[in-house]
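Below is one structure, written out as structure tokens; the observations come after it.
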Amino acid sequence: MSDISVLINTAVAVLAAVLLIVRFRVNPVIALVVSSVYLGLAVGLGVEKTVKTITAGFGDIMVDVGLLIAFGVLMGSILNQSGAIRRLVEHLLNTFGPKRLPYTMGLAIGTLLQSIFLDVLLVISAPLARKLAPKIGELGTARMATAMAIALECGIVFTVPGVASLALAGLLNVPLGKMLLFGLLLVIPTIIISIAIMTFLFRRGFWNEAKDEDHTFVAEEDREGEEEEYDGGAGRTVSAGAAGGGPGSNGTAASNGTKAQVAGSVAVAEREPKQFPLIVLFAPLLTSLLLIGAGAILQILKIDLPWLQLLGEPVIALLIGLIGTCLVTRSAIGQKRVEEAIAVGFKESGQILILTGVGGSLAATVAAAGLGHILGGFFSASTVAPLLVVWAIAAVLHIAVGSVTLSAITAAGLLAPIAPVIGLDPVLLALSAGAGSLFMVHVTSNTFWLLQSLLGQSVRGALKSVTVGVSVASVVAILLILPMSLLF
């Protein structure tokens, strides 16, 4: 088959997936598999090879990242149940003060907290950000909303163990330790620079509090948030009536001595989480990341330390982190709540795993069609051009389908075959696809509406803080990646 036919059929397959998802509301998993089947048959792979390529692509990426995604999401779910996130944000406020809070909270969300499923992290941290916004002073809501939007979206595509970063690393065969190091080098300056740019624009009149904020909604949510704030997970004590809801908290306790003792024990148990320092709760996760980073450094320096290489293997490192998180958190909140958190984590990781897998199926079919050799000839003179192309493809896909993870995986899969042909480091391709997938987070994205409602913004305000803010981060990221491609 001619090169032109391969290019046309690949474009048709991608556009068909977009059309099925956007126009006909077909589930992305089904749309990607249908597109993979069409592409395989259209380029002459035949029925048997097409099916084998799709299933092998799914299986290969699951081998690389399946356990990593599951372990990461489980750790995040347990940390959420322990109340560690809420306490971390409060600690940041007390340590760095309100003026620096957008930066410190943004960096915490974009790096340390990326083991937590995005929607869960957003729902947990948004009420805190909304309450803390007035303490920043002028433009507090705008700055906090923008910082959260940028950090949440950048974190999932650049920071290990963010789900999109794990999927990209697996798809492009990037060692996870290398993805961790390069991702941190990129995500930290991207978050800081992007928040600074948006703060500058807000101070020049880009934000109108009267039109861009929903003051009525904020006031109502603040009242609800006061009740949430006294949840045991926050490290505060629930009132006896709320916690026990029974005899030990009122005048009938005198005639029910045994029940009063039980209620008292429950109250003590609810207070227990605040006795655990934050560093203890986060120590297992930090240990995992340090082990992965150490393994990557050993690999780069070609140092042979078998025991550390074993511990630095991402699956082993995250398993150690998960076991440690379970043990520490069980002591803090009890076995029952840990088990509940694990059940929630399994439910959240399922959809991520399937979507990641079918993204691998499409990428494998594209590679089998021979697109890599065709594009390799076009880009043989430069490594900059394919990075810009993958950024643009991911940006267009995201505008169409509204999924950061899906657009990043699809764009990376299309150009993955050219990396070895032209000598391009796959980690740069992964970061470029992630950067492009951040462009224009808008009304097709669930994250957009969560940030709009939970932070008390009008739709107009969310278009500024979320759509413009994250798009700025997308552009900043690719501008930082291009110089990296000249150095590595």
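General remarks:
- None of V73, V63 is over 18 Å from the mean Cα position of the chain (by Cα) and either crowded, with 21+ Cβ neighbours inside 10 Å or closer than 22 Å to L176 by Cα (or both) except V63.
- The residues on offer are T325, T365, and the sole one that is hydroxyl-bearing (S, T, Y) and either within 30 Å of S407 (Cα to Cα) or touching a Ser or Thr at 6+ places or on another chain (Cβ under 6 Å) (or both) is T365.
- Among the residues of the stretch 275-291, those identified as within 23 Å of E90 (Cβ to Cβ) and in a helix (DSSP H, G or I) are Q275, L278, I279, V280, L281, F282, A283, P284, L285, L286, L289.
- Of everything listed in (1) buried (at least 21 other Cβ atoms within 10 Å of the Cβ); (2) under 14 Å from A142 (Cβ atoms); (3) modelled with pLDDT of 85 or more, the single unmet condition for Q452 is (3).
- Of all positions in the stretch 407-422, none carries a residue that is open to solvent by less than 30 Å² (accessible area, probe 1.4 Å), in a helix (DSSP H, G or I) and in contact with a Lys or Arg (Cβ under 8 Å, 6 or more places away or on another chain).
- Residues of the stretch 135-164 satisfying the condition of being at positive phi and at pLDDT below 85: G137
- Look at the stretch 455-475: where a residue is at positive phi and a partner is open to solvent by 10 Å² or more (accessible area, probe 1.4 Å), sitting 6+ places away or on another chain with Cβ atoms under 8 Å, you get G456/R130; G456/T141; G456/E213; G456/D214; G456/H215; G456/F217; G456/V218; G456/E221.
- Condition check for G46: closer than 21 Å to A412 by Cα and over 22 Å from the mean Cα position of the chain (by Cα): no
- The stretch 193-217, subset within 16 Å of Y103 (Cβ to Cβ) and either open to solvent by 70 Å² or more (accessible area, probe 1.4 Å) or of a type in the set (S, T, Y) (or both), residue farthest from the chain's Cα centre (by Cα): R203
- Of the residues examined, A364 is not one that is modelled with pLDDT of 80 or more, farther than 18 Å from D60 by Cβ and among the small types (G, A, S).
- Every residue from the stretch 17-43 that is within 28 Å of the chain's Cα centre (by Cα), more than 14 Å from V358 (Cβ to Cβ) and without any contact (Cβ under 8 Å) to a residue 60 or more places away in the chain: L19, R23, F24, R25
- If you go through the stretch 290-303 and keep only what is more than 14 Å from F182 (Cβ to Cβ), in contact with a Leu (Cβ under 8 Å, 6 or more places away or on another chain) and not small (G, A, S), you end up with L291, L298.
- Any hit, the stretch 138-157, residues being in a helix (DSSP H, G or I), of a type in the set (D, E, K, R) and farther than 23 Å from G72 by Cα: yes
- Unique match (being over 26 Å from A416 (Cα atoms), open to solvent by 40 Å² or more (accessible area, probe 1.4 Å) and touching a Gly at 6+ places or on another chain (Cβ under 9 Å)) among L319, L327, L311: L311
- For beta carbons closer than 7 Å, sequence separation of 6+ or different chains, a first residue in the stretch 173-191 that is in a helix (DSSP H, G or I) and a second that is modelled with pLDDT of 90 or more and open to solvent by 10 Å² or more (accessible area, probe 1.4 Å), the qualifying pairs are L186/L480; I188/L107; P189/L480; T190/V476; T190/L480; I191/L107.
- Scope the stretch 330-361; condition among the hydrophobic types (A, V, I, L, M, F, W, C) and open to solvent by 10 Å² or more (accessible area, probe 1.4 Å); matching residues: I333, I342, A343, V344, F346, I352, L353, I354, L355
- Taken residue by residue, the stretch 408-418 has no member that is among the hydroxyl-bearing types (S, T, Y) and closer than 13 Å to I150 by Cα.
- Count of the stretch 423-453 residues which are out of contact with any Lys or Arg (no Cβ under 7 Å at 6 or more places or on another chain) and not in a loop (DSSP other than H, G, I, E, B): 18
The values are calculated or read from the model by the stated rules, or taken from the named source; none is laboratory data. All figures in this text were calculated on a predicted structure; none of them were measured in a lab. Positions of Cβ are backbone-derived with ideal geometry, glycine not excepted, and every protein chain shown enters the neighbour counts. In case anyone asks, the SASA skips ligands and DNA or RNA and just uses the protein heavy atoms, side chains included. Shrake-Rupley method; radii C 1.70, N 1.55, O 1.52, S 1.80 Å.
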